Amino acid sequence: MLRRTAAVRLVQWAIGGPLDEAAAYLGITPSLVRFRTNTDFKRWERAGRSPAEFERVLRELGAELRAPRRPLIDYQRRREALRDWALPPDEWDALVSELPPLPGPIRPPVGDRKRQDASVYIWVQVTQGEHLFAPRPIEAEQPQDVQREWALRRNTTWYNLVRPDTFRHYADLRKLLAEYAQQLARFIDSGAGR
């Protein structure tokens, strides 16, 4: 929450206006997550930190961003390019065909639910956004009962994709998805869009 608050405050300082507009600029939808700056600062205080220290650190970060050592990435452009994006089925099939075989008879499922989760992972890598805000167009096309089932399993799959000591299948998949995300980011940043 503090990371989210810090990002919103930095954007607010850069573009002016209220916090809601800064949050919207970042693609943060207050209706999807709790976003209250005062509450977030209180958490910082309860952790034994001074709100003035938080403000000082943000000001230093803001100064560094105004004089970057390398070109800044336009994450808003990336989010806009991927607004309703999901891995196309043929590209997903090509990715999973590169997964090394696993020992034993059990094969992890690689259907549309995992394609949706892989799309979210790529979206997070490219936009540096939170997975909660990623588009889920594959899921949205499913019947309501399937959407509910997928929603129940969303956190488990996300955990397996991001944890460092994950199962081999997820580690191999994460590597392929990270490579895909880098290529996609370069494509968007080149101006070709998507």
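The values are calculated or read from the model by the stated rules, or taken from the named source; none is laboratory data. In this text, all values refer to a predicted model and were calculated from it rather than measured experimentally. Cβ: placed from backbone, ideal geometry, glycine included. Neighbour counts: every protein chain shown. For accessibility, only protein heavy atoms count, side chains too; no ligands or nucleic acids. Shrake-Rupley method; radii C 1.70, N 1.55, O 1.52, S 1.80 Å.
A few points about this structure:
- Contour excess over end-to-end distance, with Cα ends at D172 and A151 and 0.36 nm allotted per residue: 5.2 nm
- Share of Cα-Cα pairs in the chain lying beyond 24 Å, as whole percent: 50
- Between 0 and 90°, nearest 10: helix 144-162 axis offset from the chain longest Cα axis: 80
- Net charge over other residues, Cβ less than 15 angstrom from the Cβ of D165 (K, R count +1; D, E count -1): +3
- Tilt relative to the chain, helix 2-15 - C-alpha long axis, 0 to 90 degrees, to 10: 60
- Each listed q (0.10, 0.11, 0.15, 0.16 Å⁻¹) maps to a log10 I(q)/I(0) for region 73-185, found by the Debye formula over equal Cα scatterers with no solvent: -0.28, -0.34, -0.65, -0.74.
- Taking only protein heavy atoms and a 1.4 Å probe, the accessible area of the chain is 53% carbon and sulfur.
- Separation in nanometres of the label points that stand 7 Å from Cα toward Cβ, at E91 and A14: 2.5
- Note on R70 and D84: their simple-model spin labels are 3.4 nm apart, each label 7 Å out from Cα toward Cβ.
- Counting only Cβ charges, +1 for Lys and Arg and -1 for Asp and Glu, the dipole size of region 150-194 around its Cα centre is about 160 debye.
- For peptides 69-77, 115-123, 91-99, 180-188, sequence by mean Cβ density within 10 Å, most packed first: 115-123, 180-188, 91-99, 69-77
- Protein heavy-atom accessible surface, 1.4 Å probe, per residue over region 40-194: 63 Å².
- Rounded to 10°, Cα long-axis angle of helix 168-189 versus longest principal axis of the chain: 60
- Look at the alpha carbon pairs under 8 Å that are at least 6 residues apart: their mean separation over the length of the chain gives a relative contact order of 21 percent.
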